[in-house]
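Heads up: the structure comes next, in structure tokens.
The values are calculated or read from the model by the stated rules, or taken from the named source; none is laboratory data. What you see is a predicted model; the values in this text were computed from it and never measured. Because the Cβ atoms are built from the backbone with ideal geometry, glycine has one as well, and the counts that use them run over all protein chains shown. Keep in mind that these areas ignore ligands, DNA and RNA; they rest on the heavy atoms of the full protein, side chains included. Shrake-Rupley method; radii C 1.70, N 1.55, O 1.52, S 1.80 Å.
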Amino acid sequence: MTTSTAETLASFSLFSSISIEKLEKFVSVTSISQRSFEVGRMIFIQGTVCENLHLLVGGKARAVMMNADGKQVTIEEMSSPRIIAPAALFASTNVFPVNIVAVSDCSILFIPKNDFLNLMRQEPSVMSGFIELLSDKSIFLSMKINSFALQTLKERLASYLLSEDERHTQKEVAEMLGVTRPSLARVLAEFADEGCIAIRNRKIEILDKKKLESASR
């Protein structure tokens, strides 16, 4: 189990600069645990304390933010290997800012905060990698805020469709963009009339990428 866990850690860019021998030693002296979650299960609840570094080592999960009225918006979808909510671990208020839901059957590794902190002290490459990870996350969230605050729904939808490899249902897209389904349906109808997209089997299919690119600007 120790070796397989070390190999799993090595699959993450954050730990890729460490030799497998060092990772095996780290695993042997660390209280790392692993849990599995079935599709549709809530993995972490918004507002609960984050006390571990959480590594998505199998499956796919979704980060969803919800307000007091129950309105929700999907922040991002994550596929393994992926680190979940890294900024929450060392924040002054170290709570999950979002709900994390299993989109498929998932496996999560839990690395205790102090053990990970000691590893960063011993391995500067891990510390610099973690700083880079937090910086990338900050930029991602800044771009997310920009799209919500400065773009029209039509621009946001075009950008979203162009950036996603998978086709999604209207319900999923509405949650991702934080809009009502009627509002989304109106814009989708416009794109369909313009020949940009088609909706087949309840999923959105791009027909004219160049037209969507023009609409996204």
All alpha-carbon distances of the chain, grouped into 10 Å bins from 0, give the whole-percent distribution 8, 29, 30, 20, 11, 2, 0
Between the Cα axis of helix 124-150 and the main Cα principal axis of the chain, the angle (0 to 90°, nearest 10) is 20
The percentage of the accessible area of the chain (probe 1.4 Å, all protein chains present) made up of carbon and sulfur atoms, to the nearest whole number, is 51
Using the scaling law 2.2 N^0.38 Å as the reference, what is the normalised Cα Rg of segment 71-171? 1.28
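Just in segment 1-74: which GluC sites (Glu not before Pro) are loop by DSSP and have at most 15 other Cβ atoms within 10 Å?
Answer by residue number: Glu38, Glu51.
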Angle in degrees between helix 181-193 and the longest Cα principal axis of the chain, rounded to the nearest 10: 60
Given H placed on each backbone N at 1.01 Å, which residues far from Glu76 in sequence or on other chains put an amide H within less than 5 Å of it? Ala63
With N residues in segment 1-121, what two-decimal value do you get for its Cα radius of gyration over 2.2 N^0.38 Å? 1.08
For Lys137, the lysines lying under 27 Å Cα to Cα, once residues fewer than eight places off in the same chain are dropped, come out as Lys60, Lys71, Lys113, Lys154, Lys171
Once amide H atoms are built 1.01 Å from N in the peptide plane, which residues 5 or more positions from Arg82, or in another chain, come under 5 Å H to H? Leu56
List the aspartates and glutamates whose alpha-carbon lies under 15 Å from that of Lys144, not counting same-chain residues fewer than 8 positions away? Glu76, Glu77, Asp136, Glu155, Glu164, Glu175
